[in-house]
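Engineer: Once you've had a glance at the structure underneath, I'll fire off some questions.
The values are calculated or read from the model by the stated rules, or taken from the named source; none is laboratory data. Values in this document were obtained by computation on a predicted structure and should not be read as measured data. Here the Cβ is made from the backbone with ideal geometry for all residues, glycine too, and neighbour counts use every protein chain on show.
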Ligand code: NCD
């Protein structure tokens, strides 16, 4: 058993990861990437016939695809996957999350990857499950595997996860990816976070309390340009309209300036990076930003591994750690 979740069977929230668990995931992801580069795609197969079940109540592209690619590459199988589970599994007939998980446990898979639409969904599933549950996003709650891949992308590009100034911006209140990575920064040293959002979408108080307890400095603001010249990392997020956030004008008097465009780029340090968990709508002006080498969110270019690709290796590492 790996120490991944420090003795926990399930992977539910970022706070489960202490510094050594984070390093362990990153070390394994590096190892797998190197192994595959040397010996070819699909050459590293520690999970032959291990069974992954995916239950996705909410929409997804990257999380679901990367878990599936990861598991197939490692030699695993998928006896059952349910996309739009509230439509196509018996949840559509009113079956509870708990009963769904209890039933799947009867078939004894090696892990269940769950994306749910309510905060606490993964925790509820874990309470009735012997099989490890991996939280792939629970409503506005957390998305811990995304946070790990985000931090891993920072490590890959900047060579460190300490002594950093980071802008977490956009729908700060509604983004579970911001919640999750903010908790991980509690395991790093010398961190300053600038939360940049309209006044009505400020960071949650439980996160602020956690950061205070873990000596992470933070400031709140409404205009990304106030912090742009200091930032090592820009972490942009979309408006979480599917979770109820109303769209706002990202460049106005009342709501501040929460877009990344050529103007913001011109203020940014040459060695900073721009991250986004995706999907990206109009919060990055793609025609002005995509071609810049600092834009590492979507496409690997000039040998700079994208955040999306980092997600594949991190999910391979997590998959192995959960299954073995
Ligand atoms: C994020 C999510 O689902 O929380 N997407 C993802 O997993 N890559 C971010 C988002 O949907 O805005």
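Engineer: Could you count how many residues in region 23-81 are away from the ligand (no atom under 16 Å from the Cβ), more than 19 Å from residue 109 (Cβ to Cβ) and surrounded by 15 or more Cβ atoms within 10 Å (Cβ to Cβ)?
Structural biologist: Adding up the residues that qualify gives 11.
Engineer: If you scan region 238-281, which residues turn out to be part of a loop (DSSP other than H, G, I, E, B) and away from the ligand (no atom under 16 Å from the Cβ)? Walk me through it before giving the result.
Structural biologist: So in region 238-281, the residues part of a loop (DSSP other than H, G, I, E, B) come out as 238-240, 244-250, 253-255, 258-259, 261, 268-272, 276-281.
Residues satisfying the conditions are 249, 253, 254, 255, 261, 268, 269, 270, 271, 272.
Engineer: Further, regarding this structure: What helices (runs of 4 or more DSSP H) completely inside region 68-176 contain at least 3 residues that are modelled with pLDDT of 95 or more? It would help to see each step written out before you state the result.
Structural biologist: Numbers: elements: 85-88, 97-106, 121-127, 144-158.
Filter on region 68-176 gives 97-106, 121-127, 144-158.
Engineer: So which residues in region 300-324 are without any contact (Cβ under 8 Å) to a residue 40 or more places away in the chain and over 17 Å from the mean Cα position of the chain (by Cα)?
Structural biologist: Those that are without any contact (Cβ under 8 Å) to a residue 40 or more places away in the chain and over 17 Å from the mean Cα position of the chain (by Cα): 300, 301, 302, 303.
Engineer: So which residues in region 172-192 are away from the ligand (no atom under 11 Å from the Cβ) and out of contact with any strand residue (DSSP E or B) (no Cβ under 8 Å at 6 or more places or on another chain)?
Structural biologist: 173, 183, 184, 186, 187, 189
Engineer: Taking region 92-118 on its own, how many of its residues are in contact with a strand residue (DSSP E or B) (Cβ under 7 Å, 6 or more places away or on another chain), within 16 Å of the ligand (Cβ to nearest atom) and in contact (Cβ under 8 Å) with a residue 40 or more places away in the chain?
Structural biologist: Residues that pass the stated criteria total 4.
Engineer: Test of understanding: among 136, 126, which residue is within 12 Å of the ligand (Cβ to nearest atom) and either touching a residue at least 40 places away in the same chain (Cβ under 8 Å) or buried (at least 23 other Cβ atoms within 10 Å of the Cβ) (or both)?
Structural biologist: Details: 126 fails: within 12 Å of the ligand (Cβ to nearest atom).
Exactly one residue qualifies, and that residue is 136.
Engineer: Any idea which residue in region 209-226 is farthest from the ligand (Cβ to nearest atom), counting only those that are outside any strand (DSSP E or B) and out of contact with any helix residue (DSSP H, G or I) (no Cβ under 9 Å at 6 or more places or on another chain)? Quick ask: steps written out before the conclusion?
Structural biologist: So the first thing to find is which residues in region 209-226 are outside any strand (DSSP E or B), and the list is 209-216, 222, 224-226.
Subset that is out of contact with any helix residue (DSSP H, G or I) (no Cβ under 9 Å at 6 or more places or on another chain): 209, 212-213, 215, 226.
Details: 209: 22, 212: 25, 213: 25, 215: 27, 226: 24 Å.
Only one residue fits best here, namely 215.
Engineer: I would also like to ask the following. Residue by residue through region 290-303, note down the ones that are buried (at least 16 other Cβ atoms within 10 Å of the Cβ) and either under 24 Å from residue 65 (Cβ atoms) or within 16 Å of the ligand (Cβ to nearest atom) (or both).
Structural biologist: The answer is 295, 296, 297, 298.
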